[in-house]
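The values are calculated or read from the model by the stated rules, or taken from the named source; none is laboratory data. No experiment lies behind these values; they were computed from the predicted model shown. Here the Cβ is made from the backbone with ideal geometry for all residues, glycine too, and neighbour counts use every protein chain on show.
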Amino acid sequence: MRNVLVIGATGSQAEFRKHPDLYHIRAITRDPSKPAARELAARGVEVQHADLEDGREKQSAAAEIEQGKAIADAAAATTTLQHFVWSTLPDPVALSGGQFLNVHHWKSKSLITAYIKAEKPGLWAKTTTILFPNYFENTLTNPGRYLPAAKDDKGIYTLKFPHSPNTVLPNVAIADTGKLVHMVVEAGSTYFTKTIAFWAQALSEAEKLAELGNYYNVPTRYHASSAREFQQLLMSRDGMSEDIALDFTEQLLIFERCGNVFARDQFVQAKEVGQRFSSPPNVNR
Ligand SMILES: NC(=O)c1ccc[n+]([C@@H]2O[C@H](COP(=O)([O-])OP(=O)(O)OC[C@H]3O[C@@H](n4cnc5c(N)ncnc54)[C@H](OP(=O)(O)O)[C@@H]3O)[C@@H](O)[C@H]2O)c1
């Protein structure tokens, strides 16, 4: 049985954790006593304590780069490592032709990818990079931001979002992460050095809202906010700092100005990975 180390094993992207009968999984968490970690242990996952922030600065783009490089350095130093699967985001500056310079939480991740490629060629040779899109589950984990919060005095639910009604975002059910990672691992060296764009459906927020309204039989209204209006909303409603609200807003504007950048042919499309398998791998045991 192969050994798989999962960083962020208690989080949304870690569905791999649910299949301990396929691999020997070692899961990293800052708190082995938390319920999600105990659930993993009960499923036969080996749970280990580690904190990527240990001794490092917390919660900034610079800290994220430092943590990512530390992961890459450790992976490169592991001589028995067969495959490195790197969850990341694309370079917002390159993708937007220099239009958006403030999407730091994408840029920092893309700089780590660039570091692996330039400084750790041995690791890069066995790395598969996966780009993550909007999670459908965000509406469940963060309903205040992704769903209309409350109805107005006419009973209408309004969603404010900085997209024209036809602008689409790539979405995926994040619970499908394990299926993709399993296929990538089973494909051996096929996806070494490749970048996979992991998305299932391109949908506009206006379309999602209308579908939800129909489903629940409630009136809805989509309001296309200006960038500034949306940034202010993130600050007042969600308590974001000005910089983080700008970062969040600009990531959405990439899709408004540049289209569904995840669909570009510079990336392997996750759907193509699925098509390589005549029957989906059995990961639901
Ligand atoms: N939400 C989206 O739509 C979306 C889309 C694309 C990309 N992303 C990116 O995905 C990443 C994860 O976001 P998420 O929403 O999936 O988060 P999440 O569900 O809260 O998961 C975060 C995971 O990271 C672990 N973690 C956090 N800090 C750590 C540290 N210092 N040391 C070790 N482990 C640590 C947590 O483990 P413990 O708490 O158990 O330690 C947890 O398992 C973010 O970088 C985000 O930018 C998100």
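Within the range 155-176, being in contact with a strand residue (DSSP E or B) (Cβ under 7 Å, 6 or more places away or on another chain) and loosely packed, with under 14 Cβ neighbours inside 10 Å holds for Ile156, Ser164, Asn166.
Against the list (1) surrounded by fewer than 16 Cβ atoms within 10 Å (Cβ to Cβ); (2) of a type outside the set (Gly, Ala, Ser); (3) at pLDDT 95 or above, the condition Glu205 fails is (1).
Does Leu246 satisfy the condition of being more than 20 Å from Leu147 (Cβ to Cβ) and out of contact with any Cys (no Cβ under 8 Å at 6 or more places or on another chain)? In short, yes.
Considering (1) assigned to a helix (DSSP H, G or I); (2) hydrophobic (A, V, I, L, M, F, W, C); (3) in contact (Cβ under 8 Å) with a residue 60 or more places away in the chain; (4) farther than 26 Å from Thr129 by Cβ, the lone condition that Leu253 does not fulfil carries the number (4).
Residues in the range 94-145 that are among the charged types (D, E, K, R) and part of a helix (DSSP H, G or I): Lys107, Lys109, Lys117, Glu119, Arg145. Checking every residue in the range 219-226 against the condition of being within 19 Å of the chain's Cα centre (by Cα), outside any helix (DSSP H, G or I), loosely packed, with under 14 Cβ neighbours inside 10 Å and touching a residue at least 24 places away in the same chain (Cβ under 8 Å) gives zero matches.
Regarding Lys18, is this residue surrounded by fewer than 19 Cβ atoms within 10 Å (Cβ to Cβ), within 15 Å of the ligand (Cβ to nearest atom) and either modelled with pLDDT under 95 or of a type outside the set (Phe, Trp, Tyr) (or both)? Quick ask: steps written out before the conclusion?
Numbers: surrounded by fewer than 19 Cβ atoms within 10 Å (Cβ to Cβ): yes; within 15 Å of the ligand (Cβ to nearest atom): yes; either modelled with pLDDT under 95 or of a type outside the set (Phe, Trp, Tyr) (or both): yes.
Judged against the criteria, Lys18 is a match.
Among the residues of the range 258-277, those that are closer than 25 Å to Leu147 by Cβ and assigned to a helix (DSSP H, G or I) comprise Val261, Phe262. Within the range 67-117, the set of residues being within 15 Å of Leu52 (Cβ to Cβ) and among the hydrophobic types (A, V, I, L, M, F, W, C) comprises Ala70, Ile71, Ala72, Ala74, Ala75, Trp86, Ile112. In the range 92-104, the residues that are on the phi > 0 side of the Ramachandran plot reach residues that are hydrophobic (A, V, I, L, M, F, W, C) with C-beta atoms within less than 9 angstrom, at least six apart or across chains, in these pairs: Gly97/Cys258. Within the range 23-66, the set of residues being in contact (Cβ under 8 Å) with a residue 24 or more places away in the chain, within 8 Å of the ligand (Cβ to nearest atom) and of a type in the set (D, E, K, R) comprises Lys34, Glu64. Of the residues contained in the range 32-43, none is found to be within 19 Å of Ala70 (Cβ to Cβ) and of a type in the set (S, T, N, Q).
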